[in-house]
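Encoded as structure tokens, the structure appears first; notes follow it.
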Amino acid sequence: MECVRPGGGPPAGGPGSGSASGSGSASGSFPSLFPPGLHGIYGECRRLYPDQPNPLQVTAILKYWLGGPDPLDYVSMYRNLGNPALNVPEHWHYVSFGLSDLYGDNRVHEFTGTDGPSGFGFELTFRLKRETGESAPPTWPAELMQGLARYVFQSENTFCSGDHVSWHSPLDSSESRIQHMLLTEDPQMQPVQTPFGVVTFLQIVGVCTEELHAAQQWNGQGILELLRTVPVAGGPWLITDMRRGETIFEIDPHLQERVDKGIETDGSNLSGVSAKCAWDDLSRPPEDDEDSRSICIGTQPRRLSGKDTEQIRETLRRGLEINSKPVLPPINAQRQNGLNLDRAPSRKDSLESESSAAIIPHELIRTRQLESVHLKFNQESGALIPLCLRGRLLHGRHFTYKSITGDTAITFVSTGVEGAFATEEHPYAAHGPWLQILLTEEFVERMLEDLEDLNSPEEFKLPKEYSWPEKKLKVSILPDAVFDNPLH
């Protein structure tokens with residue numbers, strides 16, 4: 001559990017350590033009390049809040065590096081007076097300590113030098129509108145930040161500006177419509193160079209379900225820009241108001257037209273999701289049981305090789321291609337600079353499951369063409385198929401579903417995507433448990449018509465099946481429980 005205490009700069013030691021001085025300067029009598037990485041972040045906070053040397057902090061009683069459950073050592077909470085000239089209201093400003101390397105001694109993050117990112121390369125911030133008469137900041141945002149940090153540490157998947165987080169619950173456990181999050185650069189905090197690398201600051205922005213869907217269909221940055229234009233929905237500093245009862249589209253209906261035009265013009269920059277999904281080869285002859293194809297479909301466990309995992313990871317992170325043809329990295333691709341933030345080699349890839357160490361040499365798994373396939377999704381994943389088709393494939397891009405319950409992956413590609421192993425002649429191709437499906441524009445348009453009811457989930461009854469016999473393709477939308485059972 002966590003406790004709230006006055007700050008003054010987080011102390012260097014674990015539980016029971018004395019508080020450090022309120023001075024944010026490295027000079028004086030107290031520099032030894034500040035781990036260098038922590039000192040750099042705290043210095044940036046002191047730049048913004050020189051009159052608040054002792055902010056309230058939520059701190060883990062048992063630190064993560066001592067076996068505790070919470071990755072963030074501290075969350076500092078500041079009172080920000082806003083900027084009346086810019087119509088920015090007074091609010092509480094939360095800053096995390098722990099996603100970056102605070103200590104430099106490998107207790108949490110492996111130190112890899114000063115030139116790259118420190119730890120995961122970022123810390124989280126959050127701006128919450130201060131309620132009238134509120135004398136102290138609520139502490140629930142600190143637990144929200146711990147939840148996101150746990151996801152990052154467990155999945156090794158970092159966040160970037162424009163990313164969205166589907167939370168499916170009011171952020172403060174109330175009845176609020178603010179149930180999801182977008183991420184963007186903090187408008188006041190500048191990147192910090194520490195002895196252990198660079199730290200940037202990503203701000204959490206609470207949004208309604210309709211705004212999350214718009215970000216998925218179009219792009220996160222576009223919705224963030226719209227939120228900035230609506231003072232009660234965030235304004236220029238994107239301050240979250242948990243009492244906001246209307247979406248930006250209800251406040252200003254013209255904003256929906258801007259989103260629709262953006263989707264039509266730009267498509268979506270959501271290049272993939274972790275999902276509950278699976279696929280079956282309906283065309284596999286029984287005599288091939290001893291063939292290498294059994295690596296994927298037979299009785300052996302489905303495993304992604306390290307190289308396949310790397311390619312899928314890059315596929316998911318590639319996002320919106322600008323001024324260049326969309327390209328899937330080759331099967332034997334090496335890490336691309338900037339996609340993994342040059343993390344330490346000991347960190348596992350964000351999409352790699354615990355069982356993904358290749359039990360079969362990558363070069364022995366041959367790519368194979370399939371004649372007929374059956375795709376399976378849960379309802380939430382299936383609802384994104386129209387986005388995949390309209391927002392990605394019709395714009396010449398690709399979209400990947402990566403299973404969260406196994407090593408299965410499904411990538412839809414358009415005819416304009418280079419580097420795919422699915423072709424117009426052989427539109428269904430598999431490499432181990434990774435399936436690629438190439439869809440022509442004509443077939444995409446037809447699928448969108450046939451899948452129109454996916455846009456109305458409230459009228460949806462499971463299971464639901466769609467079939468295109470002449471294309472030898474079947475899609476099923478199934479209950480979540482089917483995917484929770486490993487024998488699905």
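List of remarks:
- Among the listed pairs 276/464; 276/376; 376/471; 276/472, those beyond 18 Å (Cα-Cα): 276/472
- At a probe radius of 1.4 angstrom, the accessible area of the range 36-266 per residue rounds to 39 square angstrom.
- Residue (of 62, 259, 202) at the positive-pole extreme of the range 36-266, dipole from beta-carbon charges: 62
- For the peptides 40-47, 437-444, the ranking by packing is 40-47, 437-444, with the highest mean count of neighbouring Cβ atoms within 10 Å listed first.
- Rounded to the nearest 20, the Cβ-based charge dipole of the range 36-266 about its Cα centre (Lys and Arg +1, Asp and Glu -1) stands at 540 debye.
- Of all beta bridges that DSSP places with both ends in the range 36-266, some 80 percent have antiparallel geometry.
- Carbon plus sulfur fraction of accessible area for the range 32-81, probe 1.4 Å, in percent: 62 percent
- Accessible area in square angstrom per residue, the range 371-450, 1.4 angstrom probe: 31 Å²
- Cα Rg, Dmax, the range 130-231, angstrom units: 14.8, 44
- Gained length - residue 160 relative to residue 470, 0.36 nm times residue gap less alpha-carbon distance: 107.4 nm
- Sites residue 90 and residue 450 - FRET efficiency at Förster radius 45 Å, r taken between beta-carbons, to 0.05: 0.30
- Between residue 242 and 129, the built amide H atoms are under 5 Å apart, and every one of these is 5 or more places off in sequence or on another chain.
- Selection among 165, 189, 240 by position relative to the dipole of the range 36-266 gives 189 as farthest towards the positive end (Cβ unit charges, Cα centre).
- Packing here is the average count of other Cβ atoms within 10 Å per residue, and on that basis the peptides 367-379, 196-208, 424-436, highest first, run 196-208, 424-436, 367-379.
- Stretchable slack from residue 134 to residue 266, in nm (0.36 nm times residue separation minus alpha-carbon distance): 43.2 nm
The values are calculated or read from the model by the stated rules, or taken from the named source; none is laboratory data. Computed from a predicted model, the values in this text were never measured in an experiment. Cβ sites come from the backbone with ideal geometry, for glycine too, and all protein chains shown count toward neighbours. In case anyone asks, the SASA skips ligands and DNA or RNA and just uses the protein heavy atoms, side chains included. Shrake-Rupley method; radii C 1.70, N 1.55, O 1.52, S 1.80 Å.
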